[in-house]
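Student: Take a look at this one; I'll ask things after.
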């Protein structure tokens, strides 16, 4: 096979296969191994790019909101539940890495396309191998087996309820992307599997914490300002056929403040260098 044709065949295989079959967004970090990143390509499509951009524009501020909500909670002297504190630390560690993944996707979407013979055009869409490059070790979702559930304070209930609203919105965004026929980025598909799996499990955990409160948990209602990053939902609606969140569902309509700018440090906000 002539070299040029061979190159074209290999490139098409990468584009159609969207990367190695066993690739995962959160492959385990292996100390001592070289950091090798691989760019994923896809056949360029304006509608697919629009779906990816809308998704990233929605999920990036939403994840940033999870960081600021968790850091606010961890800095609050009213926090109490060891289990919920461990969960907040895991959210900071894992979603900070996912923000880096989303930023890499955005950079790829902004990169110039690769033009091939016969009129084919490939667009870089994602970067694999960031776990190794960033030495990222995923923080597991904590469980009552490893951390004491209580005592549970009113501040714990507020955080758990606000973050449950926040997580449900992320799950809705992830599912809307999967349901969008224009959304074809396999890398974002893998990431969404992680988001749905992890955050559904975390929602169940936070409900256990709320149920363990000895007072009237129903009387504790988070102020809308406690739920950060929800302005990204309008972008998610574009990615999911324009379907806005229903009132009272995962993301009730509310006026919320954007996450405040913070330094990289702070309570449990230090670099973990290890998803």
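The values are calculated or read from the model by the stated rules, or taken from the named source; none is laboratory data. Nothing here was measured: the structure is a model prediction, and the numbers come from that model. In this analysis, Cβ positions are derived from the backbone assuming ideal geometry, glycine residues included, and neighbour counts consider all displayed protein chains.
Student: Scan (1) touching a strand residue (DSSP E or B) at 6+ places or on another chain (Cβ under 6 Å); (2) outside any helix (DSSP H, G or I) for the single condition residue 79 breaks and write down its number.
Tutor: Of the numbered conditions (1) touching a strand residue (DSSP E or B) at 6+ places or on another chain (Cβ under 6 Å); (2) outside any helix (DSSP H, G or I), the odd one out for residue 79 is (1).
Student: Further, regarding this structure: Here are 75, 64, 90, 57: which of them is surrounded by fewer than 23 Cβ atoms within 10 Å (Cβ to Cβ), touching a helix residue (DSSP H, G or I) at 6+ places or on another chain (Cβ under 6 Å) and closer than 22 Å to residue 163 by Cα?
Tutor: Just one listed residue meets the conditions, 57.
Student: Now a separate question. So which residues in the range 116-139 are in a strand (DSSP E or B) and either buried (at least 16 other Cβ atoms within 10 Å of the Cβ) or at pLDDT below 95 (or both)? Give the derivation first.
Tutor: To start, the set of residues in the range 116-139 that are in a strand (DSSP E or B) comprises 121-128.
Result: 122, 123, 124, 125, 126, 127, 128.
Student: Is at least one residue of the range 172-191 over 12 Å from the mean Cα position of the chain (by Cα), under 20 Å from residue 90 (Cβ atoms) and in a helix (DSSP H, G or I)?
Tutor: Checked against the condition, which is being over 12 Å from the mean Cα position of the chain (by Cα), under 20 Å from residue 90 (Cβ atoms) and in a helix (DSSP H, G or I), the range 172-191 yields no hits at all.
Student: Still on this structure, please answer the following. Considering the range 14-53 alone, what residues qualify as being in contact with a strand residue (DSSP E or B) (Cβ under 6 Å, 6 or more places away or on another chain) and at pLDDT 85 or above?
Tutor: As a first pass, look at the range 14-53 and keep what is in contact with a strand residue (DSSP E or B) (Cβ under 6 Å, 6 or more places away or on another chain): 14-15, 18-19, 23, 37-42, 44.
Correct list: 37, 38, 39, 40, 41, 42, 44.
Student: It is to be established whether one or more residues within the range 153-160 are under 23 Å from the mean Cα position of the chain (by Cα), buried (at least 17 other Cβ atoms within 10 Å of the Cβ), under 16 Å from residue 55 (Cβ atoms) and at pLDDT 95 or above.
Tutor: no
Student: For residue 10, work out the one condition from (1) surrounded by fewer than 21 Cβ atoms within 10 Å (Cβ to Cβ); (2) at pLDDT 90 or above it doesn't fulfil.
Tutor: Condition (2) is where residue 10 drops out.
Student: Got a sec? Which of 100, 65, 58 is assigned to a helix (DSSP H, G or I), at pLDDT 90 or above and closer than 17 Å to residue 136 by Cβ? Explain how you work it out, then say what you get.
Tutor: On the way: 65 fails: closer than 17 Å to residue 136 by Cβ; 58 fails: closer than 17 Å to residue 136 by Cβ.
After applying the criteria, what remains is 100.
Student: Which residues, counting only those in the range 174-201, are crowded, with 20+ Cβ neighbours inside 10 Å and under 22 Å from residue 66 (Cα atoms)?
Tutor: Listed by number, the residues that qualify are 174, 176, 177, 187, 188, 191, 192, 195, 198, 199.
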